[in-house]
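What follows is one structure encoded as structure tokens, with my remarks underneath.
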Amino acid sequence: MKGTVVKKASGSAGAGRNSAKRGFYSRALDEAEELDFELAQGVEGIDDEIALLRVKIKSLLENDPENVKLIMDATSALARLVMTRYRISSAQKRALTDAIGKVLQGLAIPLGIKYLP
């Protein structure tokens, strides 16, 4: 039909679900965070999260080295992410945890922080 405008069906089943999800989380996010949230939904894998945690841990060690609890929480989260990423065995997990502990101990002692594993 010449001159007739055909409208596409608005949205799909998935689009409704995504908008509902955004609506649920939008109460907890500011505008910039909501945009970041939308971008993050398209990311597959956890490599970016692993890299981000590494940067944040480094920043904590440089700027707030006495916040041992937060540093330990962040390194534990990093260990869990790495384990998930590489699906390592429990023996490898213990080795990774020990290695992270030794790194933290090596950083804490020169900074004069009491390190309790």
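The values are calculated or read from the model by the stated rules, or taken from the named source; none is laboratory data. Every value quoted in this text rests on a predicted model; they were computed, and no experiment measured them. Reconstructed Cβ throughout: ideal geometry from the backbone, glycine too, with neighbour counts over all protein chains shown.
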Considering residues that are surrounded by 15 or more Cβ atoms within 10 Å (Cβ to Cβ) and modelled with pLDDT of 80 or more, the number found within the range 102-117 is 0
Counting residues that are among the hydrophobic types (A, V, I, L, M, F, W, C), on the phi > 0 side of the Ramachandran plot and free of Cβ contacts under 8 Å to residues at least 40 places away in the same chain, which helices (runs of 4 or more DSSP H) fully inside the range 40-117 reach at least 2?
-> none
Can you tell which of V55, V68 is in contact with a Phe, Trp or Tyr (Cβ under 9 Å, 6 or more places away or on another chain), modelled with pLDDT of 80 or more and within 30 Å of L107 (Cβ to Cβ)?
-> V68
